[in-house]
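Before any comments, here is the structure.
The values are calculated or read from the model by the stated rules, or taken from the named source; none is laboratory data. Here the structure is a predicted model, which means the values were calculated and not measured. Cβ atoms come from the backbone with ideal geometry, glycine included; neighbour counts cover every protein chain shown. Accessible surface areas use protein heavy atoms only, side chains included; no ligands, DNA or RNA. Shrake-Rupley method; radii C 1.70, N 1.55, O 1.52, S 1.80 Å.
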Amino acid sequence: MSNEPVFCQRFEISGKDFINAGKASTTIKAILREIGIQPAVIRRAAIACYEAEMNVVLYARKAIIELRVTPQEIRIRVEDEGDGIPDVGLAMQPGYSTASDEIREMGFGAGMGLPNIKNNADTLQIHSVVGRGTTLEMAIGL
Amino acid sequence: MTVRDVAIRLALGLLTESEGLEREITGGYASDLLSDVIAHSQAGNLWITLQTHRNIIAVATLKELAAIVLVNGRTPDADTLVKAREEKAVILSSRLPAFELIGQLYQMGIRGAV
């Protein structure tokens with residue numbers, strides 16, 4: 001069995017860019033549909049990707065999202081430049097958020113982003129360095 | 001029941017194009033927290049909310065919701081309407097507060113997932 005990607009694409013996203021927020025996830029969803037991935041798997045990938053993308057828009061300076069599709073899985077890696085997460089365990093707790101009032105008023109910052117990613121991906125790895133940034137890597141089996 | 005049926009019966013304003021009005025409604029979900037909607041709404045749901053900024057369109061598109069219903073007579077931001085057109089999302093508006101509107105939807109037989 002080969003792990004060679006049948007598809008690979010990168011997207012650049014910027015922090016605080018609420019105008020384009022969600023665009024990468026919407027594009028990834030369309031790509032997965034075009035490749036012919038099952039709708040239920042697409043929905044999970046799109047949700048996980050959207051939450052990760054919004055985390056960058058809300059909290060980081062910029063990021064690269066890399067989508068890799070192999071015959072076995074969809075792998076999405078989001079590598080951001082930002083403040084990082086001091087306590088990943090705490091950030092994973094549903095309801096925990098460091099969002100400003102302004103972000104909360106828009107309906108973000110409910111402390112559900114990372115839990116939503118965990119619930120929709122088969123695997124999720126978070127590597128964060130305070131002051132430098134956070135890398136999320138999630139995979140969904142096909 | 002389609003989006004059009006509900007819009008007519010509850011005299012909801014249509015703020016987007018007429019495309020998408022024939023979508024079948026599978027139920028409803030009410031929340032103003034975007035991640036909560038992402039976690040708990042179902043495809044084909046009506047989403048009742050007071051959020052009006054453009055990011056609601058991405059949520060509705062990702063979750064394949066039938067329509068967004070804004071309460072309290074709220075009007076979407078201008079760029080929300082542009083985005084809705086691009087993504088073929090439907091936005092309806094009601095003059096009622098959420099509690100009253102949801103009560104009427106429930107009486108029509110629209111339910112949430114429990």
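Observations
- Computed over chain B, relative contact order equals 29 percent, with contacts defined as Cα pairs under 8 Å that lie 6+ residues apart.
- Counting only Cβ charges, +1 for Lys and Arg and -1 for Asp and Glu, the dipole size of chain B around its Cα centre is about 160 debye.
- Over chain A, Cα pairs under 8 Å with separation of 6+ residues give a relative contact order of 27 percent.
- Part-to-part distance (alpha-carbon centres) for segment B:1-57 and segment A:89-115, which is given in Å: 24 Å
- Of the solvent-accessible surface of segment A:1-81, computed with a 1.4 Å probe and all protein chains present, 49% belongs to carbon and sulfur.
- Based on protein heavy atoms only, the protein assembly as shown ends up with 49 Å² per residue of surface accessible to a 1.4 Å probe.
- Other residues within the sphere of radius under 15 Å centred on the Cβ of A:I140, judged by their own Cβ, net out at +3 (K and R +1, D and E -1).
- Cα long-axis angle, helix A:23-35 against chain A (0 to 90 degrees, to the nearest 10): 20 degrees
- Centroid-to-centroid separation of segment B:90-114 and segment A:1-74 [C-alpha atoms, Å]: 32 Å
- Charges were assigned to the Cβ only: +1 to each Lys and Arg, -1 to each Asp and Glu. The resulting dipole of the protein assembly as shown about its Cα centre is roughly 380 debye.
- Folded to 0 to 90 degrees: helix A:39-59 orientation relative to chain A principal axis, Cα: 30 degrees
- Shape class for segment B:23-114, computed from the alpha carbon gyration tensor (a ≥ b ≥ c): oblate, with a/c not under 1.5 and a/b at or below b/c.
- Overall, segment A:1-95 carries a charge dipole of about 340 debye about its Cα centre when +1 sits on the Cβ of Lys and Arg and -1 on the Cβ of Asp and Glu, all other atoms neutral.
- Among the GluC sites (Glu not before Pro) in segment B:8-114, those placed in a DSSP loop whose Cβ has at most 11 other Cβ atoms within 10 Å are B:E19, B:E22.
- Calculated from backbone phi, Karplus (6.51, -1.76, 1.60) coupling profile of segment A:115-131 in Hz, x at Gly/Pro: x, 5, 5, 4, 5, 9, 9, 6, 9, 9, 10, 10, 10, 10, 10, 4, x
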